[in-house]
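**Student:** Pasting in a structure now, in structure tokens, and then I'll have a few things to ask.
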Amino acid sequence: MSIVVCAEQRDGKLSKVTFEALSEGKRLAAASGETLKALVIGSGVAACADELKKYGADEIAVADNEALAAYTTETYAAVLAAYIAQESPALVLMGHSTVGRELAARAAGIADCGLVSDCVAIESADGDYLFKHPVYAGKAIGTFKISGATRLATLRPNVFAIEESDGAGAVVDFAPEIPAAKVTVKAVNKVSGDRPELTEADIICSGGRGLGGPEGFKLIEDLADSLGAAVGSSRAAVDAGWREHAAQVGQTGKVVSPNLYIASGISGAIQHLAGMGTSKYIVGINKDGEANIFNVADYGIEGDLNKIIPALVEKLKEA
Amino acid sequence: MKIVTCIKQTFDTEAKIVVGGDGQISDEGVNMILNPYDEYAVEEAIKTKEKDGGEVVVVTVGGDKAQEALRYSLAMGADRAVLINDPALEKADSHAVSVALAKLLSDKEAGYDVIFAGKEAVDDGAAQVPSRLAAKLDLALANVVVAVELADGKATVTREIDGGTEELEMALPALISAQKGLNEVRYPSLPGIMKAKRKPLDVVSLADLGLSAEDVASKVEMVSAELPPARKAGQKLTGEVDEVVAKLVELLKNEAKVI
């Protein structure tokens, strides 16, 4: 039996969570004695296979086809489901990204397999696996079991450690039949510019109602750029129209777990904490000393963010 | 146009989570609501009907209590509702729910032009049913959608992807799952609530659908649940702005080692 990691690439660039999934796959494979295989789907993606070799896969299957140049859920899921049918793996891992979650679910629907989404830990025990997945937006952590020969899981980005390791890294072609796509991709619009993707960022600088208006986000952007960080927002700032919904962190926004989360002018409502409570370090900057953010922040600064953030940016430039 | 909306009843987002003695999450005394993302789906269905005509059918899998979420959708303006209610579905996972919905939609409720759903439910956060259902019904699928235009038997949608958006086009029938921001959700009016009481709400069992308990056997089981470890308040840095900023940078560098 094998453990399969379905790699995620866009324009030939592999996502960071793919390496996290491979590293976790390698740890589980070492514990259970399974072989580790990777599957990469796309067009002109041979170079991805070389990069995947660094993370210990015994075999890398490449489904390379012009019909797979643009990502569509149905074509990619058909390839993944065909690979599952061929390999009957014990476990299939992939990132819980926007694409990964739907791809895993559609493939699981075709292959009739159980899937635990958004896992934060996986343990192998007596040939079976236990999956930990936050439920109710992180207000509780459930432990799940999957019945059936093949189990699917998507992994929360930024939770599983990346480790390079050796593996045979044999590259094989995988050429299943690809159904005609029902969906046509008319355009892909990148909006994040030079900043990292929110769910994959090591550092996130977020702003809330305390910024006083949309122009307040200039401060957050300056701080983010001095740290190479992504920019997030509270629900209040999104609802006020100061920032697009894609930047919202919280129960009805993105769930993130960066190494460092700097919340400025964010009170720390429970629905916001649900989205960032697993960050390794939290910094809270707020003028209200009673703000709930100070109950969870590792480092809190009570004061005027209009003075603190520019000073912080200057200090970071010096350093 | 026949417009179907798949919904789920969930805990209120303000609900406090309690783990019972059996290690499972207790629903005792919890206020139940229509899943927030499903509100956008119901709204989009009603807006579509208001523009193009037709009927809006809301469907769900759940127990007796789930009728409240269906009635709420009817009060918003949906025309009729179907509840799949069966003891064998009490612990239904995403697989089981999608099998039951797929049977209903390919049989008793066939002939739809578009299916709307929320992009995920805020309880299990699985985000699986729309994609699984699309697989079972072999449908064109667009998830996490923030804009929809239906015209000439086609759907043109904008959806969120990591780091941007995508514009997709597909022929109907198609399945579209809603993200926050798709529309402004209306509140049910008082006449709407009165009317909803008389709108048809069919309750069907697995036998009515021609399914057995085995067909909908769950593949995922929650063995136990626990509350997450509480985060502790750390230290508050005090002093002049220059001082606290210097202290913070020092701590982030040398204690936390995150910059």
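**Student:** Pop a pseudo-label 7 angstrom from the Cα along the beta-carbon direction at both B:E90 and B:K65 and give the gap in nm to one decimal.
**Tutor:** Each label point lies 7 Å from its Cα, and together they span 1.4 nm.
**Student:** If you build a Gaussian network model of chain A, linking Cα atoms that sit under 10 Å apart, which residue out of A:I285, A:I270, A:I293 swings the most?
**Tutor:** Fluctuation is largest for A:I270.
**Student:** Mean shadow of segment B:133-246, computed from the convex hull of its alpha carbons, in nm²? If you can, show how the numbers build up before the last one.
**Tutor:** Numbers: hull surface 66.6 nm².
One quarter of the hull surface, i.e. the mean projection, equals 16.6 nm².
**Student:** Amide H neighbours of A:V135 under 5 Å, at least 5 residues apart or on other chains, H built in the peptide plane: list them.
**Tutor:** A:A140, A:I141, A:G142
**Student:** Which log10 I(q)/I(0) values, to two decimals, does segment A:134-183 give at q = 0.14, 0.19, 0.24 Å⁻¹ under the Debye formula with one point per Cα?
**Tutor:** Rounded to two decimals, the profile gives -0.86, -1.07, -1.06.
**Student:** Return the average number of partner chain Cβ atoms within 10 angstrom of each residue Cβ along peptide B:7-18. Let's see the in-between values first.
**Tutor:** Numbers: counts 0, 0, 0, 1, 4, 0, 8, 2, 2, 3, 6, 2.
Per residue, the average neighbour count from other chains is 2.
**Student:** Determine, at each q value in 0.10, 0.15 (inverse angstroms), the log₁₀ of I(q)/I(0) that the Debye formula gives when each Cα of segment A:198-318 is one equal point scatterer.
**Tutor:** At q = 0.10, 0.15 Å⁻¹ the computed log10 ratios are -0.23, -0.55.
**Student:** Compute the angle between helix A:16-32 and the longest alpha-carbon principal axis of chain A, please, reported from 0 to 90 degrees and rounded to the nearest 10.
**Tutor:** Relative to chain A, helix A:16-32 is tipped by roughly 50 degrees.
**Student:** Also: Evaluate segment A:122-220: find the radius of gyration of its Cα atoms, find its Kirkwood radius, and give the ratio Rg to Rh. Don't skip to the end; give the middle numbers.
**Tutor:** Working: Rg = 20.9 Å, Rh = 19.6 Å.
When Rh is taken as the Kirkwood radius, the ratio is 1.07.
**Student:** Which ³J(HN,Hα) values in Hz, rounded to whole numbers, follow from the phi angles of segment B:8-17 under the Karplus curve 6.51 cos²θ - 1.76 cosθ + 1.60, where θ = phi - 60° and Gly and Pro get x?
**Tutor:** So the Karplus estimates, Gly and Pro as x, are 9, 8, 10, 4, 4, 5, 8, 4, 7, 8 Hz.
**Student:** Pick from A:K280, A:K26, A:K254 the residue whose mean-square fluctuation is largest in a GNM of chain A, springs joining Cα atoms under 10 Å.
**Tutor:** A:K280
**Student:** How large are Rg and Dmax for chain B when only the alpha carbon atoms are used, in Å?
**Tutor:** Spelled out, the Cα radius of gyration and Dmax of chain B are 22.0, 73 Å.
**Student:** Using modelled amide H (1.01 Å from N, peptide plane; none on Pro or chain starts), what sits under 5 Å from the amide H of A:G56, excluding residues fewer than 5 places away?
**Tutor:** Those qualifying (amide H under 5 Å, at least 5 residues apart or on another chain) are A:S165, A:G167.
**Student:** Next question. Please turn the phi angles of segment A:159-172 into ³J(HN,Hα) values with the Karplus equation 6.51 cos²θ - 1.76 cosθ + 1.60 (θ = phi - 60°), one per residue in order, whole Hz, x for glycine and proline.
**Tutor:** Whole-Hz 3J(HN,Hα) from phi for segment A:159-172: 9, 8, 5, 8, 9, 7, 7, 8, x, 4, x, 5, 9, 10.
**Student:** A further question follows. Mean-square fluctuation check for chain B, GNM, Cα pairs under 10 Å: which of B:G125, B:G234, B:G210 is largest?
**Tutor:** Top of the fluctuation ranking is B:G234.
**Student:** Mind scanning A:K132/B:K136; A:K53/A:K254; A:K317/B:K257; A:K132/B:K236; B:K16/B:K197 and naming the pairs with a C-alpha gap bigger than 21 Å?
**Tutor:** A:K132/B:K136; A:K53/A:K254; A:K132/B:K236; B:K16/B:K197
**Student:** Pairs of Cα atoms under 8 Å, at least six residues apart: use those to get the relative contact order of segment B:2-216, whole percent.
**Tutor:** Working: 446 pairs, mean separation 56.4, N = 215.
That works out to 26 percent.
**Student:** On to the next question. Once both axes come from the Cα atoms, what is the angle between helix A:305-318 and the longest principal axis of chain A, in degrees from 0 to 90, rounded to 10?
**Tutor:** It is inclined by approximately 60 degrees.
**Student:** Which distance in nm do the two modelled labels at B:A171 and B:E226 give, with both placed 7 Å along the Cα-to-Cβ direction?
**Tutor:** Label at B:A171, label at B:E226, 5.3 nm between them.
**Student:** Could you work out the relative contact order of chain A, using alpha carbon pairs under 8 angstrom and six or more residues apart, expressed as a whole percent?
**Tutor:** On the way: 708 pairs, mean separation 46.9, N = 319.
For chain A, the relative contact order is 15 percent.
**Student:** If you find the alpha carbon centre of segment B:97-127 and of segment B:138-198, how far apart are they in angstrom?
**Tutor:** The distance from the Cα centre of segment B:97-127 to that of segment B:138-198 comes to 14 Å.
**Student:** Would you report the distance distribution of C-alpha pairs in the protein assembly as shown as whole percents per 10 angstrom bin, up to the bin with the largest distance?
**Tutor:** 3, 17, 27, 27, 18, 6, 1, 0
**Student:** For chain A, what does the equivalent ellipsoid look like in terms of its semi-axes, each the square root of 5 times an eigenvalue of the Cα gyration tensor, given largest first in whole Å?
**Tutor:** On the way: eigenvalues 288, 87, 64 Å².
One finds semi-axes of 38, 21, 18 Å for chain A.
**Student:** Would you tally the net charge around A:V185, using a Cβ to Cβ cut-off of less than 11 Å, leaving A:V185 out, and scoring K and R as +1, D and E as -1?
**Tutor:** Values: positive: A:K186, B:R159; negative: B:E166, B:E167, B:E169.
Around A:V185, the surrounding residues sum to -1.
**Student:** Across segment A:225-235, in residue order, what do the Karplus-derived ³J(HN,Hα) couplings come to in whole Hz, using 6.51 cos²θ - 1.76 cosθ + 1.60 with θ = phi - 60° and x for Gly and Pro?
**Tutor:** 5, 6, 10, x, 9, 8, 10, x, 8, 7, 5
**Student:** Run the simple label-point estimate for B:E50 and B:I193 please: 7 Å along Cα→C-beta, distance reported in nm.
**Tutor:** In this crude spin-label approximation the distance works out to 2.0 nm.
**Student:** Taking every eigenvalue of the Cα gyration tensor of segment A:2-173, multiplying by 5 and rooting it, what semi-axes result, largest first, whole Å? Please list the in-between numbers first.
**Tutor:** On the way: eigenvalues 103, 64, 47 Å².
Sorted largest first and rounded, they come to 23, 18, 15 Å.
**Student:** Hey, another quick one. Can you divide the C-alpha Rg of segment B:36-177 by 2.2 N^0.38 Å and report the result to two decimal places?
**Tutor:** Numbers: Rg = 14.6 Å, N = 142, 2.2 N^0.38 = 14.5 Å.
Dividing the Cα Rg of segment B:36-177 by 2.2 N^0.38 Å gives 1.01.
**Student:** How high is the FRET efficiency between B:E250 and A:I270 when r is their beta carbon distance and R₀ equals 41 Å, given to the nearest 0.05?
**Tutor:** Numbers: r = 31 Å, r/R0 = 0.76.
Computed FRET efficiency for B:E250 and A:I270: 0.85.
**Student:** Would you grab the residues whose amide H sits under 5 Å from the one on B:L141? Only those 5+ places off in sequence or on another chain, please, with H modelled 1.01 Å from N.
**Tutor:** Residues meeting the criterion, in which the H sits 1.01 Å from N, are B:L175.
**Student:** Continuing with the same structure: Using the eigenvalues of the Cα gyration tensor, what equivalent ellipsoid semi-axes result for segment A:1-82 when each is taken as the square root of five times the eigenvalue, whole Å, largest first?
**Tutor:** Numbers: eigenvalues 97, 35, 21 Å².
Result for segment A:1-82: semi-axes of 22, 13, 10 Å.
Every number here is computed from the coordinates shown, using simple stated rules; none is lab data. Bear in mind that the values here come from a model prediction, so they are computed numbers and not experimental data. Quick reminder, even Gly has a Cβ in these numbers, built from the backbone with ideal geometry, and neighbours come from all protein chains shown.
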